[in-house]
Amino acid sequence: MSPPILEALARRYEQSRAGRTGKGTRDLILPLAGLLEEANCSEGEQYELALRQLRELDGKLLELI
């Protein structure tokens with residue numbers, strides 16, 4: 001099972017034009033607060049774990065700005 005934050009990210013991508021068509025014309029920018037809330041990771045240990053997981057993927061799968 002994937003981490004909840006990555007599942008939320010995947011759902012958001014899947015709903016985007018790039019995810020639906022494979023033809024994205026620009027970067028997909030997602031507000032972190034909404035993503036954390038969707039993944040039920042907006043506080044406590046889940047919050048810390050979600051941030052750590054995103055930071056591990058920074059520069060690999062995604063770019064945090």
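The values are calculated or read from the model by the stated rules, or taken from the named source; none is laboratory data. This is a predicted model, so every value here is computed, not measured. Cβ atoms come from the backbone with ideal geometry, glycine included; neighbour counts cover every protein chain shown. Calculation scope for accessible area: heavy atoms of the full protein, side chains included, ligands and nucleic acids excluded. Shrake-Rupley method; radii C 1.70, N 1.55, O 1.52, S 1.80 Å.
Observations, loosely collected:
- Sequence-separation-based contact order of the chain, relative, with Cα cut under 8 Å and 6+ spacing, percent: 32 percent
- The candidate values were (1) 37, 19, 9; (2) 32, 11, 4; (3) 21, 13, 10; the one computed from these coordinates for semi-axes √(5λ) of the Cα gyration tensor in Å carries the label (3).
- Heavy atoms of Arg55: accessible area, 1.4 Å probe, square angstrom to 10: 150 Å²
- For segment 1-47, the fraction of 1.4 Å probe accessible surface lying on carbon and sulfur atoms is 49 percent.
- The protection proxy used here, the mean number of other Cβ atoms lying within 10 Å of each residue, ranks peptides 27-34, 2-9, 45-52 as follows, highest first: 2-9, 45-52, 27-34.
- Dipole magnitude (debye, nearest 20) for the chain, charges at Cβ of Lys, Arg, Asp, Glu: 500 debye
- Toward the positive end of the charge dipole of the chain, with +1 on the Cβ of Lys and Arg and -1 on the Cβ of Asp and Glu, the farthest Cα among Pro4, Gly19, Ala39 is that of Gly19.
- Once the Cα atoms are used to define both axes, helix 44-57 deviates from the longest principal axis of the chain by about 40 degrees.
- Solvent exposure of the chain as accessible area per residue, Å², 1.4 Å probe: 80 Å²
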